[in-house]
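Quick notes on the structure that follows.
The values are calculated or read from the model by the stated rules, or taken from the named source; none is laboratory data. Predicted model, so just to flag it, every value in this text is computed and none were measured. In this analysis, Cβ positions are derived from the backbone assuming ideal geometry, glycine residues included, and neighbour counts consider all displayed protein chains.
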């Protein structure tokens, strides 16, 4: 199932939630957005299509890091003295060389760490958990843990703390229905899906 279909079903889940709760127009829009985003999140895993959408291009980061490395080298050569010069030049050279190994997968890791740091600074538990989710997703194969019951349970805590933090009535329901809708659409319940989801990881590798 492609991202557009997942997003559409998530939006419907958010709208139905809003309609059931007789939400205001502004709250309805918020719940539609929440349902849409939640329905896309399982595809944040390492091979998922959503990964590239939330991270900067690794080529941009690589070029920036290499430029900074070169600037450090030149600055150290002209401004630093004695031991500091060699240490600074070494750091600049290391940054220049190591940045060549940056891949798009690493950008997802960097994004997860960034979200965790933001959560700590803002004292928002749901943001810290979301950062952990992104970080975990950067290491697991596509349609594995983010598409399992474990993923649903983990996301339950994100959704719960998100509603507590924002105070948006129905946010938890929109989050969970959106997320679970993604798993349902990727399962073998639909005849056009050749692959299913490993719902009971790590206990079972069977696809459903």
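The numbered conditions (1) in the same structural domain as residue 28 (by TED's automatic domain parsing); (2) modelled with pLDDT under 75 are all true for residue 162 except (2). The residues on offer are 116, 173, and the sole one that is buried (at least 17 other Cβ atoms within 10 Å of the Cβ) and not assigned by TED's automatic domain parsing to the domain that holds residue 16 is 116. Looking only at residues of segment 69-104 that are surrounded by 15 or more Cβ atoms within 10 Å (Cβ to Cβ) and under 22 Å from residue 141 (Cβ atoms), we find that the one that is modelled with the highest pLDDT is 102.
Picking from 180, 168, 134, which residue would you name as being surrounded by 22 or more Cβ atoms within 10 Å (Cβ to Cβ) and either out of contact with any helix residue (DSSP H, G or I) (no Cβ under 8 Å at 6 or more places or on another chain) or touching a residue at least 24 places away in the same chain (Cβ under 8 Å) (or both)? First the steps, then the outcome.
Numbers: 180 fails: surrounded by 22 or more Cβ atoms within 10 Å (Cβ to Cβ); 168 fails: surrounded by 22 or more Cβ atoms within 10 Å (Cβ to Cβ).
Exactly one of 180, 168, 134 is surrounded by 22 or more Cβ atoms within 10 Å (Cβ to Cβ) and either out of contact with any helix residue (DSSP H, G or I) (no Cβ under 8 Å at 6 or more places or on another chain) or touching a residue at least 24 places away in the same chain (Cβ under 8 Å) (or both), namely 134.
Does residue 203 satisfy the condition of being free of Cβ contacts under 8 Å to residues at least 24 places away in the same chain and farther than 30 Å from residue 19 by Cβ? The answer is yes for residue 203.
Does residue 51 meet the test of being within 30 Å of residue 200 (Cβ to Cβ), at pLDDT below 70 and surrounded by 19 or more Cβ atoms within 10 Å (Cβ to Cβ)?
On the way: within 30 Å of residue 200 (Cβ to Cβ): yes; at pLDDT below 70: yes; surrounded by 19 or more Cβ atoms within 10 Å (Cβ to Cβ): yes.
Here the answer is yes, as residue 51 does meet what is asked.
Give me the residue from segment 10-33 that is touching a helix residue (DSSP H, G or I) at 6+ places or on another chain (Cβ under 9 Å) and outside any helix (DSSP H, G or I) and, out of that set, farthest from residue 174 (Cα to Cα). So the residue we want is 24.
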